[in-house]
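The values are calculated or read from the model by the stated rules, or taken from the named source; none is laboratory data. Here the structure is a predicted model, which means the values were calculated and not measured. Note: ideal-geometry Cβ built from the backbone for every residue, glycine included; neighbour counts use all protein chains shown.
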Amino acid sequence: MFAKGQTVVQWLEQFAPKHIAMPDDKIGLQLGTLQKEIKKILVTLDVTDDVVEEAIRMQADLIIAHHAIIYKPLPHIQTDSPAGRLIEKLIKHDIAVYVAHTNLDIAEGGMNDLMARALNLSELSSLEEVHTEKLSKLVVFVPESHADRVREAVFNAGAGWIGQYSHCSFNLEGTGTFMPREGSDPYIGKLGRLESVREIRVETILPDSVRKKVIQAMLKAHPYEEVAYDLYPVDLKGRVFGLGRVGKLSETVSLQQLADMVKQALEVPALRVVGEPDKPVRKVAVLGGSGSRYFRHALFAGADVLVTGDIDYHSAHDALAAGLALIDPGHNAEKIVKAPVAEYLNVKFKENKLQTTAIASSVNTEPFRFV
């Protein structure tokens, strides 16, 4: 049995939710349909002609890409143009293309966490906060016999987290009253008779991103035909999602030493460095992709160096004048995300006894050659 396209995307979006992406980012399904079985998935950084040929050879049904295949509006799709030929080839071979970009950068365990992990950074924080999860309080009244069952159901669905503490709830004993009327099918009591039942008022916290899932789990676990519950907005701060990461090396090293570490960890043949080679560095900011405009964020965070791609000439001068070192491994360094995404999906397939497989692309999509 193979996974449906919508199921694959649902699991991917659990890892990299669409709502945490930067505004106007081109993410989601860009080509084809998800209304089909998916036997093979190719995970890639870019959708190039070589990547599409790789997908055809392996008979992939879906490409999951980090960079959009359609970023700017296309005035036309002419099949004698490079873009048109690429789209035509994908359509003819029924290969859908789904894009996870800044949501994959920002996600916990996503691109920027992978970069920080590759450099063994600790004490991580976001370079720029872009999304704070809204929280609600769920209050539900449960007969004593089912309180444990309902609590466990909502916790398993994602409720009950406050910071690094899970299974958080408040429970108060009380008496619930109700009278079943004609047409009802009461779990407790008889039609037309007022009932008094010992109940537990269970209160817990849930993020808006899992609200529907938690409510469904609560209703399924609850024995009553009509469940009494309330949802209240709260001012508690939920999880914070952000671009980039700032962390510390285990010990101070020279800028040259860090550059060598970056080159090896991100598997790049060359990189550009701004700053004196012997400059001591300990606090490091990382940001996948094009991060020139974030050098001031790195300065504000107290970083000694920013590791990011596509640094422009004037930003390099400004950072140098401000005392911030830069290491530019290029945009293609983001290729480190391919294997972890494929592995994450394969774990999901195995857990659900599905034969679908995800494979990291072996195509090098670096457009530059170093001479």
Name, by its number, the condition in (1) surrounded by fewer than 19 Cβ atoms within 10 Å (Cβ to Cβ); (2) over 23 Å from P367 (Cα atoms) that does not hold for Y313. (2)
Test: A342 is closer than 30 Å to F300 by Cα and either part of a helix (DSSP H, G or I) or at pLDDT below 95 (or both): no
Regarding V139, is this residue touching an Asp or Glu at 6+ places or on another chain (Cβ under 8 Å), in the same structural domain as H222 (by TED's automatic domain parsing) and farther than 30 Å from V284 by Cα? yes
Go through segment 14-32 and give me each residue that's touching a residue at least 60 places away in the same chain (Cβ under 8 Å) and either among the aliphatic types (A, V, I, L, M) or assigned to a helix (DSSP H, G or I) (or both). F15, A16, K18, H19, I20, A21, M22, I27, L29, L31
Top-ranked residue in segment 137-159 [being assigned to a helix (DSSP H, G or I) and farther than 11 Å from A217 by Cβ; ranked as nearest to the chain's Cα centre (by Cα)]: D148
For a quick check of your reading of the model, give me the residue pairs whose first member lies in segment 173-190 and is under 16 Å from Y229 (Cβ atoms), whose second is of a type in the set (G, A, S), with beta-carbon atoms closer than 9 Å and at least 6 apart or on different chains. G176/S196; G176/A228; F178/G189; F178/S196; F178/A228
Could you count how many residues in segment 227-260 are over 20 Å from G302 (Cβ atoms), surrounded by 14 or more Cβ atoms within 10 Å (Cβ to Cβ) and of a type in the set (K, R)? 1
Considering only segment 316-367, how many residues are surrounded by fewer than 19 Cβ atoms within 10 Å (Cβ to Cβ) and of a type in the set (K, R)? 2
Say whether the condition of being assigned to a loop (DSSP other than H, G, I, E, B), within 25 Å of the chain's Cα centre (by Cα), at pLDDT 95 or above and surrounded by 22 or more Cβ atoms within 10 Å (Cβ to Cβ) is met by at least one residue in segment 261-270. yes
Matching residues in segment 183-223 - criterion: being basic (K, R) and assigned to a loop (DSSP other than H, G, I, E, B): K190, R193
For segment 185-207, what are the residues that are modelled with pLDDT of 90 or more and surrounded by 14 or more Cβ atoms within 10 Å (Cβ to Cβ)? V197, E199, I200, R201, V202, E203, T204, I205, L206, P207
Restrict the check to segment 67-79 and report whether at least one residue is at pLDDT below 95 and small (G, A, S). no
Would you be able to tell me the number of residues in segment 224-248 that are under 14 Å from the mean Cα position of the chain (by Cα), in a strand (DSSP E or B) and on the phi < 0 side of the Ramachandran plot? 4
Residue that is farthest from G176 (Cα to Cα), among those in segment 115-134 that are surrounded by fewer than 20 Cβ atoms within 10 Å (Cβ to Cβ) and out of contact with any helix residue (DSSP H, G or I) (no Cβ under 7 Å at 6 or more places or on another chain): N120
Those residues that are buried (at least 17 other Cβ atoms within 10 Å of the Cβ) and out of contact with any Lys or Arg (no Cβ under 7 Å at 6 or more places or on another chain), I need them from segment 102-114; list them, please. T102, L104, D105, I106, A107, G110, M111, L114
Failed item, numbered, when F370 is tested on (1) of a type outside the set (S, T, N, Q); (2) modelled with pLDDT under 95; (3) within 30 Å of L62 (Cβ to Cβ): (3)
Counting only residues in segment 111-136 that are in a strand (DSSP E or B) and farther than 30 Å from L249 by Cα, the one nearest to the chain's Cα centre (by Cα) is identified as L135
Which residue is nearest to P207 (Cα to Cα), if the candidates are limited to segment 1-36 and must be in contact with a Gly (Cβ under 8 Å, 6 or more places away or on another chain) and surrounded by fewer than 15 Cβ atoms within 10 Å (Cβ to Cβ)? K18
